[in-house]
């Protein structure tokens, strides 16, 4: 599961209802001595590593349940804490905007025959984007075992193998 995918996900159709799936999660938690903190929202279940075991890179599993005529469609999304995800998204976006505006200024100055002293901003920001990506991949590797554990817990809850997309 730990790969170049930023946020691994899966889709699964089951014949059980939302309440049945929620009961299975509760029973599996009790059977395994509550290894995860669980949040139940309407049509959504979030599994997180317990606060005592959680670290900066700990993943969580968001399960969205959509009732269909033939059962329930389950969508799972593995990812970091939402605030960590937002921080990385903001960093990528800010650096991308800086590259865009620096590129516009540099091209404008070059087209007018002027010197373009801001040209260095583009490779510096591109390097920062690469560094942030490497940091994110390293963090994903640090949380890989917890992600595998979350996935195996989910599979044992439903009693089926699930392929990550």
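Within the range 150-162, the presence of a residue that is part of a loop (DSSP other than H, G, I, E, B) and at pLDDT 95 or above is excluded. Within the range 106-122, restricting attention to residues that are assigned to a helix (DSSP H, G or I) and surrounded by 15 or more Cβ atoms within 10 Å (Cβ to Cβ), the residue that is modelled with the lowest pLDDT is 119.
Sub-7 Å Cβ pairs linking a first residue in the range 130-149 that is at positive phi and at pLDDT below 90 to a second residue that is part of a helix (DSSP H, G or I) and surrounded by 13 or more Cβ atoms within 10 Å (Cβ to Cβ), at least 6 apart or interchain, number zero.
Are there any pairs with C-beta distances below 6 angstrom linking a residue in the range 90-106 that is in contact (Cβ under 8 Å) with a residue 40 or more places away in the chain to a residue that is surrounded by 13 or more Cβ atoms within 10 Å (Cβ to Cβ) and part of a helix (DSSP H, G or I), with the two at least 6 apart or on different chains, and if so which? Partner pairs satisfying both residue conditions: 91/132.
If the condition is being in contact with a strand residue (DSSP E or B) (Cβ under 9 Å, 6 or more places away or on another chain) and without any contact (Cβ under 8 Å) to a residue 12 or more places away in the chain, then the range 27-41 contributes 29, 39. In the set (1) modelled with pLDDT of 90 or more; (2) part of a loop (DSSP other than H, G, I, E, B), the condition left unmet by residue 34 is number (1).
The values are calculated or read from the model by the stated rules, or taken from the named source; none is laboratory data. Owing to the predicted nature of the structure, the values given are computational and were not obtained by experimental measurement. Quick reminder, even Gly has a Cβ in these numbers, built from the backbone with ideal geometry, and neighbours come from all protein chains shown.
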